[in-house]
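Visitor: The structure follows.
The values are calculated or read from the model by the stated rules, or taken from the named source; none is laboratory data. If you're wondering where the values come from, they're calculated on a predicted model, not measured in any experiment. Methodologically, a virtual Cβ is constructed for each residue, glycine included, from the backbone with ideal geometry; neighbour enumeration extends over all protein chains shown.
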Amino acid sequence: MTISQAPAPYRVSSRLDETHDTVTLTLEPAGEPIADFRPGQFTMLYAFGIGEIPVSVSGRAGPQALAQTIRAVGAVTNALCAMPAGQVIGVRGPFGTTWDEADAAGRDLLLVAGGIGLAPLRPALLAALSERQHYRRVILLIGARSPAELVFARELDAWRESGAEVMVTVDRADASWQGNVGVVTQLIGRTGLDPPHTTALICGPEVMMRLTARSLLAVGMSAASIRLSLERNMQCGVAECGHCQLGPLLLCRDGPVVSYQIAEPLLATREL
Ligand SMILES: Cc1cc2nc3c(=O)[nH]c(=O)nc-3n(C[C@H](O)[C@H](O)[C@H](O)COP(=O)(O)OP(=O)(O)OC[C@H]3O[C@@H](n4cnc5c(N)ncnc54)[C@H](O)[C@@H]3O)c2cc1C
Ligand code: FES
């Protein structure tokens, strides 16, 4: 296998702890930048000497700077989450399909996030809020395991002020939590959804995405108006190695964002 694109050097210019195990890195080009990304796309981040992994872009942090939000679960994510400002990593991409949130212009845009799934959705949310007048409603439902595991908590008020309807629920409350407790699908009934005129974007653990999609179908949404972001192990990022295959799809090229119409029969046969 040949990898068609050499990693571009990017410097960690700042880091922000989101939770005890999740960090948002701001990455500035230290040479030629990669092409601009669109919401939903991912890059391959290379921690030199350790390995390379796919990570969704969670935002634009400057004219050419990327925000990428990483949860430490293994060798490469641990190394990236521990990186101090000034360190250089390799970046390839951007790769993959996009949320295409602009297709929902004139309709209601519903975003449903589970845990760190809010990171890939954030650029679509910010794009919609920057053109808020084009959408009837922008609704964001967030589920987190606990209040301490809520990412981007500091931004929720600003999103509300920009015209998003934001509802948050946690699986386990602590003494300080005044909000909803329960799974994110329980919030759907409280949104006053207008199913035929809604486009839904879902990102989170696969079981959460499937249950959310089924709840939306049950209230009358069509599978074609539901999109989700699928994760599989990736290596090349450019449809050459086959590592990311799911049925007929190569998710680095045909995903990660896929219509539920296409994803549903594939998810039924495979569970992470
Ligand atoms: C398109 C795409 C976008 C992604 N975006 C993000 C992101 O924005 N932020 C982020 O933190 N992570 C994201 N991931 C997941 C990230 O790539 C993995 O967590 C990473 O590859 C783990 O590498 P590691 O060397 O740290 O851990 P490993 O040692 O490879 O794995 C550690 C543990 O994590 C599990 N694991 C590995 N990969 C995944 C995965 N894709 N999903 C669930 N469990 C996994 C392994 O089974 C193992 O139990 C994304 C993955 C894909 C495919
Ligand atoms: S990661 Fe190699 S084909 Fe998709």
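Visitor: Does any residue of the stretch 249-268 turn out to be in a loop (DSSP other than H, G, I, E, B), within 21 Å of the chain's Cα centre (by Cα), crowded, with 22+ Cβ neighbours inside 10 Å and within 16 Å of ligand 2 (Cβ to nearest atom)? Steps first, answer last, please.
Guide: Step one: of the stretch 249-268, the residues in a loop (DSSP other than H, G, I, E, B) are 255-256, 268.
Then keep just the ones that are within 21 Å of the chain's Cα centre (by Cα); that gives 255-256.
Those still in the list that are crowded, with 22+ Cβ neighbours inside 10 Å too: 255-256.
Subsequent filtering for residues that are within 16 Å of ligand 2 (Cβ to nearest atom) retains 255-256.
Yes, that holds for at least one residue.
Visitor: Could you list, in sequence order, all residues of the stretch 218-237 that are within 13 Å of ligand 2 (Cβ to nearest atom) and either touching a Phe, Trp or Tyr at 6+ places or on another chain (Cβ under 7 Å) or at positive phi (or both)? Spell out the reasoning first.
Guide: Taking the stretch 218-237 and keeping what is within 13 Å of ligand 2 (Cβ to nearest atom), we get 230-237.
Once the filter is applied, which keeps residues that are within 13 Å of ligand 2 (Cβ to nearest atom) and either touching a Phe, Trp or Tyr at 6+ places or on another chain (Cβ under 7 Å) or at positive phi (or both), the stretch 218-237 yields only GLY237.
Visitor: Any chance the stretch 70-83 includes a residue that's in contact with a Cys (Cβ under 8 Å, 6 or more places away or on another chain), within 16 Å of ligand 2 (Cβ to nearest atom) and of a type outside the set (Phe, Trp, Tyr)?
Guide: Of the stretch 70-83, the ones in contact with a Cys (Cβ under 8 Å, 6 or more places away or on another chain) are 70-72.
Add one more test, that the residue is within 16 Å of ligand 2 (Cβ to nearest atom), and what stays is none.
No, that holds for no residue.
To keep it simple, each residue is scored yes or no on (1) without any contact (Cβ under 8 Å) to a residue 40 or more places away in the chain; (2) of a type in the set (S, T, N, Q); (3) under 30 Å from PRO196 (Cα atoms).
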| position | (1), (2), (3) |
| --- | --- |
| LEU66 | no, no, no |
| THR69 | no, yes, no |
| VAL76 | yes, no, no |
| ALA85 | no, no, no |
| VAL91 | no, no, no |
| ALA102 | yes, no, yes |
| PRO120 | no, no, yes |
| PRO123 | no, no, yes |
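Visitor: Turning to a different aspect of this structure: Confirm whether LEU111 is in contact with a Leu (Cβ under 6 Å, 6 or more places away or on another chain), in a helix (DSSP H, G or I), assigned by TED's automatic domain parsing to the domain that holds LEU216 and not β-branched (Val, Ile, Thr). If you could, list the steps in order and put the result at the bottom.
Guide: Values: in contact with a Leu (Cβ under 6 Å, 6 or more places away or on another chain): yes; in a helix (DSSP H, G or I): no; assigned by TED's automatic domain parsing to the domain that holds LEU216: yes; not β-branched (Val, Ile, Thr): yes.
When the stated conditions are applied, LEU111 does not pass them.
Visitor: Moving on to the next point. Could you give me the residue pairs with C-beta distances under 8 Å whose first residue belongs to the stretch 190-209 and is assigned by TED's automatic domain parsing to the domain that holds VAL168 and without any contact (Cβ under 8 Å) to a residue 24 or more places away in the chain, whose second residue is among the aliphatic types (A, V, I, L, M) and more than 12 Å from ligand 1 (Cβ to nearest atom) wherever it lies, and which are 6+ apart or on separate chains?
Guide: ARG190/MET167
Visitor: Consider THR69 carefully, then state whether it is out of contact with any helix residue (DSSP H, G or I) (no Cβ under 9 Å at 6 or more places or on another chain) and surrounded by 22 or more Cβ atoms within 10 Å (Cβ to Cβ). Talk me through it step by step, then tell me what you get.
Guide: Numbers: out of contact with any helix residue (DSSP H, G or I) (no Cβ under 9 Å at 6 or more places or on another chain): no; surrounded by 22 or more Cβ atoms within 10 Å (Cβ to Cβ): yes.
So THR69 does not fit the description; no.
Visitor: While we're looking at this one, here's another question. Can you pull out every residue in the stretch 179-200 that is over 19 Å from the mean Cα position of the chain (by Cα), assigned to a helix (DSSP H, G or I) and of a type outside the set (A, V, I, L, M, F, W, C)?
Guide: Quick first cut of the stretch 179-200, residues over 19 Å from the mean Cα position of the chain (by Cα) only: 179-182, 186-198.
This time we only want the ones that are assigned to a helix (DSSP H, G or I), so: 186-190, 195-197.
Correct list: GLN186, GLY189, ARG190, PRO195, PRO196, HIS197.
Visitor: Looking at the stretch 45-60, which of its residues are within 16 Å of ligand 2 (Cβ to nearest atom) and either outside the structural domain of GLU28 (by TED's automatic domain parsing) or under 10 Å from the mean Cα position of the chain (by Cα) (or both)?
Guide: If we filter the stretch 45-60 for residues that are within 16 Å of ligand 2 (Cβ to nearest atom), which is where we start, we get 45-46, 51-56.
VAL55, SER56, listed by residue number.
Visitor: If a residue must be at pLDDT below 95 and either within 12 Å of GLN87 (Cβ to Cβ) or in a strand (DSSP E or B) (or both), how many such residues does the stretch 1-16 contain?
Guide: The total comes to 0.
Visitor: Then there is this: Name every residue in the stretch 28-75 that is outside any strand (DSSP E or B), among the polar types (S, T, N, Q) and within 12 Å of ligand 1 (Cβ to nearest atom), in order of residue number. Even if it seems obvious, please write down each step before you answer.
Guide: Within the stretch 28-75, the subset outside any strand (DSSP E or B) is 30-41, 48-50, 61-65, 72-75.
Filter once more, keeping what is among the polar types (S, T, N, Q): 41, 64.
The one that is outside any strand (DSSP E or B), among the polar types (S, T, N, Q) and within 12 Å of ligand 1 (Cβ to nearest atom): GLN41.
Visitor: Of the numbered conditions (1) assigned to a loop (DSSP other than H, G, I, E, B); (2) away from ligand 1 (no atom under 16 Å from the Cβ); (3) in contact (Cβ under 8 Å) with a residue 60 or more places away in the chain, THR212 fails exactly one; give the number of that condition.
Guide: Here THR212 clears every test but (1).
Visitor: I've got another one for you. Return yes when GLY62 is closer than 16 Å to GLY90 by Cα and surrounded by fewer than 21 Cβ atoms within 10 Å (Cβ to Cβ) and no when it is not. Walk me through how you get there before you give the answer.
Guide: Working: closer than 16 Å to GLY90 by Cα: no; surrounded by fewer than 21 Cβ atoms within 10 Å (Cβ to Cβ): yes.
No, not satisfied.
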